[in-house]
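*Asks:* A single structure is presented below for examination.
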Amino acid sequence: MPDDPGPRPAISLHGLTREFRGRGTPLWALDGVSLEVAPGEIFGIVGRSGAGKSTLLRCVNLLERPDSGRVTVLGQEITSLDEAALRGARRGIGMVFQHFNLLSARTVAGNIAFPLEIAGVPKAEREARVAELLPLVGLEERRDYYPAQLSGGQKQRVGIARALASRPRILLCDEATSALDPETTEEILSLIRSIRDRLDLTVLLITHEMAVVKAICDRVAVMEAGRVIEEGRVFDVFTRPAHATTRRFVSEVIGHVVPPGTVARLPDANPGEERRLLQVLFAGPSSTRAVVSEASRRYGLDLNIVSGRIDAIGAEPYGLMALAAYGPPAAIAEATAWMRALGLDVTEIGEDPA
Ligand SMILES: Nc1ncnc2c1ncn2[C@@H]1O[C@H](COP(=O)(O)OP(=O)(O)OP(=O)(O)O)[C@@H](O)[C@H]1O
Ligand SMILES: [Mg+2]
């Protein structure tokens, strides 16, 4: 097969480690993390509290220095730069925070202009840039307001505009919507997506909410104890989570296939036959109902649809269905194989899902 290296990654993290020494045993906040984020991608990092997500994100602009490993951003290995060169590289990386981190004594315009002042950008140029950014984040009317006069969503819009002030190619978001209500979260997420599209940004975001990942990410990595335990396209990770931790995260949004209490209401199998619970996943539009009745006819099984749901991740529809199959074990196995051959993803599930 010919080697296709693909486009150069926007962010490439290689073998990052970071140890914190507290009073007790040393703690590996990062225990060998490697990741690549493609240009233009919105890449999500999820994991429980303490998994190392913020430490990882802060390594991308070297707010946190890894003990070992390489950080390459837009083709430049920033872990080997001196301080002056690093300051330059950092201007290409914007960052958005959970608690906004606005200066309360400055107006909206003053907050957005702040990083440009630090960078020594002349006043006229700063003002021109602020005038471009205000409409981009929908805050023209709030130009001269102070943070205390803004809602949480408006504060985060200021945070985003400030992060974009120096025309970065990369945007890092650490729990950017975690302090916001669900409706405002949606607004901010669609703002992030629209600026990604319009400004051709690459976005690396941390969240503890799988709903955020489902809403805007293209790919996702799941972290646990300083390691990436699973990564892939959001659609694949959500529909076929490999790791138990990922399955728990995913079930927050996908839900349980078999509603609690369902199994207790199912009839028992006839003597000599068995009852098996099957989870059937299909990607894309598919007439599973027809497949089910055909499988039932071909293999002489009684197949009951216990539950089913159709949803979409991004533009990709998928369906998830639970079947109670009654019949001789061999016939159930053959029907399962037949459905798999048709491209359905069939797994046997325990009768008592937690
Ligand atoms: N400056 C520090 N000094 C000591 N320990 C630290 C420091 N920063 C992070 N840690 C520890 O490293 C581990 C990873 O922390 P990190 O903040 O990256 O987790 P996180 O995944 O972002 O968690 P959360 O979801 O709560 O924000 C934690 O156990 C944390 O206590
Ligand atoms: Mg964190």
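The values are calculated or read from the model by the stated rules, or taken from the named source; none is laboratory data. Just so it is clear, the structure is predicted and the values come from calculations on it, not from any experiment. Reconstructed Cβ throughout: ideal geometry from the backbone, glycine too, with neighbour counts over all protein chains shown. Note: accessible area is taken over every heavy atom of the protein model, side chains too, but ligands, DNA and RNA are not part of it. Shrake-Rupley method; radii C 1.70, N 1.55, O 1.52, S 1.80 Å.
*Asks:* Give the residues of segment 141-161 that are exposed (fewer than 15 other Cβ atoms within 10 Å of the Cβ), in a helix (DSSP H, G or I) and charged (D, E, K, R), sorted by residue number.
*Replies:* E141
*Asks:* Now a separate question. Going residue by residue through segment 19-27, is there one that turns out to be within 16 Å of ligand 2 (Cβ to nearest atom), touching a residue at least 24 places away in the same chain (Cβ under 8 Å) and out of contact with any Phe, Trp or Tyr (no Cβ under 6 Å at 6 or more places or on another chain)?
*Replies:* no
*Asks:* Mind checking which residues of segment 36-59 are modelled with pLDDT of 95 or more, surrounded by fewer than 22 Cβ atoms within 10 Å (Cβ to Cβ) and within 16 Å of ligand 2 (Cβ to nearest atom)?
*Replies:* S54, T55, L57, R58
*Asks:* Within segment 300-326, track down each residue that is among the aliphatic types (A, V, I, L, M) and either within 13 Å of F238 (Cβ to Cβ) or part of a strand (DSSP E or B) (or both).
*Replies:* Once the filter is applied, which keeps residues that are among the aliphatic types (A, V, I, L, M) and either within 13 Å of F238 (Cβ to Cβ) or part of a strand (DSSP E or B) (or both), segment 300-326 yields L303, I305, V306, I310, A312, I313, L320, M321, A322, L323, A324, A325.
*Asks:* Would you be able to say whether some residue in segment 288-296 is open to solvent by less than 60 Å² (accessible area, probe 1.4 Å) and in contact with a Ser or Thr (Cβ under 9 Å, 6 or more places away or on another chain)?
*Replies:* Yes - at least one qualifying residue is present in segment 288-296.
A quick yes/no check of all residues on (1) of a type in the set (S, T, N, Q); (2) farther than 23 Å from L199 by Cα:
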{"site": "T17", "(1), (2)": "yes, yes"}
{"site": "G22", "(1), (2)": "no, yes"}
{"site": "E36", "(1), (2)": "no, no"}
{"site": "S54", "(1), (2)": "yes, yes"}
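*Asks:* Report the residue count in segment 122-178 for those that are within 16 Å of ligand 1 (Cβ to nearest atom) and either acidic (D, E) or more than 27 Å from G40 (Cβ to Cβ) (or both).
*Replies:* 2
*Asks:* Got a number for residues in segment 14-35 being near ligand 1 (Cβ under 8 Å from one of its atoms), open to solvent by less than 70 Å² (accessible area, probe 1.4 Å) and either not in a strand (DSSP E or B) or not assigned by TED's automatic domain parsing to the domain that holds G232 (or both)?
*Replies:* Counting residues in segment 14-35 that are near ligand 1 (Cβ under 8 Å from one of its atoms), open to solvent by less than 70 Å² (accessible area, probe 1.4 Å) and either not in a strand (DSSP E or B) or not assigned by TED's automatic domain parsing to the domain that holds G232 (or both) gives 1.
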